[in-house]
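Report on the structure given below.
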Amino acid sequence: MPSMIIKAILKQLSKYKTIVLLLLVFLLAWLAFGAGQNAGFADQKHIDTATRISFADFQSDLAHNVFGQGSLWVAKSGAVYFDGDLKGKPYAAEIVGFQHLVTPAMLTLLSAKHIYSHGAINFSMSPAVPALDQLAWANLVSVFGRMSMGLVYMLFAGVMLLYARQMMEGVMTNRFSIQTPDKTQAVRFADVAGMSGPKLEVSEAVDYLRDPRHIQSLGGRATRGVLLYGPPGNGKTLLAKAVAGEAGVPFIEQNASSFVQLYVGAGAMAVRNLFKQARKLKGCVIFIDEIDAIGTRRYGGAGGHDERLQTLNALLAEMDGFKDNSGILVIAATNALDQLDEALIRPGRFDRKVHVPLPGKTDRLQILEYYLNKLPRTDANPVILADRSSGFSAADLSHWVNEAAMEAARSRDTIVGNLHFSLSRERILIGPRNFGVVLSPEERSTTAWHEAGHAVVRMALGGKVDKVSILPRGQALGVTYSVQEEDRLLMTRNSLHVELRVLMGGRAAEEIFVGWVSAGASNDMERASQIARQAIFRMGLGSFGPYIPEGEALREKAELEAKGWVLEAYAEAKQILQNHQDAVTRLHDQLLAEDEVEAPQHFEPVRV
């Protein structure tokens with residue numbers, strides 16, 4: 001029983017060892033301080049002398065310089081003893097009546113004669129006065145006290161160094177997790193919907209992890225690193241896990257930002273420890289997410305003690321240094337490939353760069369089918385949803401399905417349908433409905449004309465409109481949802497002009513049908529101006545051709561050309577609306593009556 005209690009106590013002490021060490025240091029400091037302060041007076045005895053002298057004789061002899069240097073000691077009983085020189089010889093005696101007859105002038109005289117008192121005059125003193133032979137021992141103990149204080153300081157510094165070392169070891173060892181292969185829980189390529197191209201690119205790395213001897217027998221060198229880049233939310237982390245799952249090797253996941261620490265060198269130590277642990281596994285996948293946190297370009301101004309720079313140098317050395325990394329595949333992910341250091345992305349470190357783009361229509365269909373299969377009950381059509389989700393990332397699609405299920409729960413419905421997806425898409429793209437915003441009749445009418453102008457111009461130019469609404473959502477008073485029949489990868493001058501005319505349709509409708517324009521078209525004008533500038537300054541679609549205009553004079557000319565694009569689109573939008581006034585009026589009236597109009601293609605305006 002006592003042994004169990006001792007073990008329990010030791011377990012608790014080991015659990016809080018840092019606190020115990022600190023308490024021990026403070027205890028030793030207190031003891032040493034007390035020893036240094038009280039070493040000369042602890043446990044001492046009275047001066048044992050039979051010689052006594054009256055205060056008057058002591059005063060007289062003192063005035064005639066009979067006494068030399070010495071000390072006055074006040075005993076616990078209040079008696080005062082002189083211990084010093086008498087005519088050049090050691091002398092000790094009790095001064096009778098000193099406490100009652102002493103004056104300030106006497107004390108001044110004693111100080112002038114270099115005779116100092118130990119203890120309070122006219123007050124009792126504890127502890128008692130030591131003898132001469134005991135003073136040496138008291139001094140020795142006092143020196144020991146000072147040495148103890150120095151030892152405590154050294155011990156305290158050692159504890160602090162140990163504590164800092166433990167913190168750095170914690171930074172190195174507790175910052176990454178190793179996921180061992182599990183056939184029942186491992187992520188496979190089948191769990192990564194879409195991304196047929198990226199999966200094909202990384203499949204060779206899977207073959208190498210499974211059997212590295214096959215590539216080596218042909219004289220080839222296996223891929224050391226794969227860099228996944230592209231817009232956020234498209235499954236780069238999931239793809240890296242699938243590589244480890246398909247190969248059946250451990251997966252080590254780490255975010256690059258956690259390498260950067262307060263202590264300079266801690267990040268570099270963590271990188272070295274990470275690869276040290278990986279080499280012990282004899283085959284694994286190291287995944288470093290957001291590698292641009294430590295892998296951005298190095299500049300001449302960066303100091304040698306910069307923590308991020310040292311971490312990057314350690315990563316470069318570990319990926320292609322003097323150590324053997326056989327069986328280790330490093331996969332990194334970034335959203336900013338153009339910001340990475342050239343030494344990091346060169347062959348030999350990241351041999352393969354795989355672009356993970358936004359999913360196309362086919363990929364969106366596969367992703368939606370994957371998530372829809374996880375819903376208990378749904379009758380939503382994934383083909384229609386794929387058409388209405390152009391520009392969505394894989395994370396957006398997952399969020400969309402979840403929001404649709406939540407929308408069905410709010411409505412107390414038992415099946416998730418297309419209506420729930422439509423409502424949740426509006427919540428995601430624009431924001432929730434603002435029930436507290438109530439438009440006046442004039443504002444509702446102006447908003448209806450504005451949105452009808454957007455919709456009619458879109459349909460007149462051959463596009464499709466999914467929904468038109470004048471219900472306030474987010475910061476918008478109304479919204480028009482368009483449907484893209486196919487994903488456009490290359491922007492042409494004609495397609496940009498179409499978008500400009502659609503954006504100008506709202507303001508043009510206000511001018512034609514209301515008679516004045518409102519501030520509701522401010523966002524349309526900003527987007528139109530941005531499109532025109534990018535087409536001329538970046539895409540080479542203006543009169544400058546493939547030349548990018550730079551310099552004050554050329555930029556001013558390019559701005560005038562971009563302005564001409566917007567004004568031309570505005571004039572064409574006005575002409576389209578004037579040719580289809582009946583369609584605009586019918587849509588306006590229906591919006592005022594119903595607030596929302598689904599797929600208003602039945603107006604069939606004449607295309608231009």
Check your understanding: Based on what the data block shows, is Ala532 touching a residue at least 60 places away in the same chain (Cβ under 8 Å), surrounded by 14 or more Cβ atoms within 10 Å (Cβ to Cβ) and not hydroxyl-bearing (Ser, Thr, Tyr)?
Key -> no
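Inspect all residues belonging to segment 357-379 and state whether any of them is touching a strand residue (DSSP E or B) at 6+ places or on another chain (Cβ under 6 Å), farther than 16 Å from Phe287 by Cα and in a loop (DSSP other than H, G, I, E, B). Steps first, please.
So the first thing to find is which residues in segment 357-379 are touching a strand residue (DSSP E or B) at 6+ places or on another chain (Cβ under 6 Å), and the list is 372, 375, 378.
Now drop any that are not farther than 16 Å from Phe287 by Cα, which leaves 372, 375, 378.
Okay, now just the ones that are also in a loop (DSSP other than H, G, I, E, B), so 375.
Within segment 357-379 (the criterion being touching a strand residue (DSSP E or B) at 6+ places or on another chain (Cβ under 6 Å), farther than 16 Å from Phe287 by Cα and in a loop (DSSP other than H, G, I, E, B)), the answer is yes, since at least one residue qualifies.
Residues that are more than 19 Å from Phe55 (Cα to Cα) and modelled with pLDDT of 75 or more: list the strands (runs of 3 or more DSSP E) wholly contained in segment 76-160 that include at least 1 such residues.
Values: elements: 80-86, 89-96, 115-118.
Strands (runs of 3 or more DSSP E) meeting the threshold: 89-96.
Results for (1) at pLDDT 80 or above; (2) in contact with a strand residue (DSSP E or B) (Cβ under 9 Å, 6 or more places away or on another chain); (3) in the same structural domain as Val566 (by TED's automatic domain parsing); (4) farther than 22 Å from Ser522 by Cα, shown as yes or no for each residue.
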site: Val468; (1), (2), (3), (4): yes, yes, yes, no
site: Leu471; (1), (2), (3), (4): yes, yes, yes, no
site: Glu485; (1), (2), (3), (4): no, yes, yes, yes
site: Leu489; (1), (2), (3), (4): no, no, yes, yes
site: Asn494; (1), (2), (3), (4): yes, no, yes, yes
site: Leu500; (1), (2), (3), (4): yes, no, yes, no
If we ask which residues in segment 213-248 are surrounded by 15 or more Cβ atoms within 10 Å (Cβ to Cβ) and modelled with pLDDT under 75, their number turns out to be 2
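Kindly establish whether Arg427 is surrounded by 16 or more Cβ atoms within 10 Å (Cβ to Cβ), under 32 Å from the mean Cα position of the chain (by Cα) and part of a helix (DSSP H, G or I). Break it down stepwise before answering.
Details: surrounded by 16 or more Cβ atoms within 10 Å (Cβ to Cβ): yes; under 32 Å from the mean Cα position of the chain (by Cα): yes; part of a helix (DSSP H, G or I): yes.
Here the answer is yes, as Arg427 does meet what is asked.
Before we move on, is Val517 farther than 16 Å from Thr480 by Cα, free of Cβ contacts under 8 Å to residues at least 40 places away in the same chain and of a type in the set (Val, Ile, Thr)? So that I can check it myself, show each step before the final result.
Details: farther than 16 Å from Thr480 by Cα: yes; free of Cβ contacts under 8 Å to residues at least 40 places away in the same chain: yes; of a type in the set (Val, Ile, Thr): yes.
Answer is yes for this residue.
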Considering segment 161-179, residues that are among the hydrophobic types (A, V, I, L, M, F, W, C) and in contact with a strand residue (DSSP E or B) (Cβ under 8 Å, 6 or more places away or on another chain), and then whichever is modelled with the lowest pLDDT, we arrive at Phe176
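State whether the residues of segment 269-282 include one that is at pLDDT below 80 and closer than 26 Å to Val187 by Cα.
So far as segment 269-282 goes, yes, one or more of its residues are at pLDDT below 80 and closer than 26 Å to Val187 by Cα.
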Matching residues in segment 516-547 (within 38 Å of the chain's Cα centre (by Cα) and assigned to a loop (DSSP other than H, G, I, E, B)) number 2
Per the list (1) free of Cβ contacts under 8 Å to residues at least 40 places away in the same chain; (2) surrounded by fewer than 18 Cβ atoms within 10 Å (Cβ to Cβ), residue check on Met525 breaks on (1)
Flagged in segment 441-460 as basic (Lys, Arg) and under 16 Å from Gly515 (Cα atoms), in numbering order, are Arg444
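Every residue, every condition in (1) modelled with pLDDT under 85; (2) crowded, with 22+ Cβ neighbours inside 10 Å, yes or no:
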{"residue": "His305", "(1), (2)": "yes, no"}
{"residue": "Leu309", "(1), (2)": "yes, no"}
{"residue": "Asp320", "(1), (2)": "yes, no"}
{"residue": "Asn325", "(1), (2)": "yes, no"}
{"residue": "Ala333", "(1), (2)": "no, yes"}
{"residue": "Asp341", "(1), (2)": "no, no"}
{"residue": "Asp351", "(1), (2)": "yes, no"}
From the option list Leu337, Leu358, Leu329, Leu385, single residue qualifying as aliphatic (A, V, I, L, M) and closer than 18 Å to His420 by Cα is Leu385
Going through segment 257-268 in order, the residues found to be surrounded by 19 or more Cβ atoms within 10 Å (Cβ to Cβ) and either touching a Phe, Trp or Tyr at 6+ places or on another chain (Cβ under 9 Å) or free of Cβ contacts under 8 Å to residues at least 40 places away in the same chain (or both) are Ala266, Gly267, Ala268
By residue number, the members of segment 543-599 that are in contact with a Lys or Arg (Cβ under 6 Å, 6 or more places away or on another chain) and either modelled with pLDDT of 90 or more or of a type in the set (A, V, I, L, M, F, W, C) (or both) are Ala562, Ala569, Glu572, Ala573
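The values are calculated or read from the model by the stated rules, or taken from the named source; none is laboratory data. Because the structure is predicted, anything quoted here is derived from the model rather than measured. We place every Cβ from the backbone using ideal geometry, glycine too, and count neighbours over all the protein chains shown.
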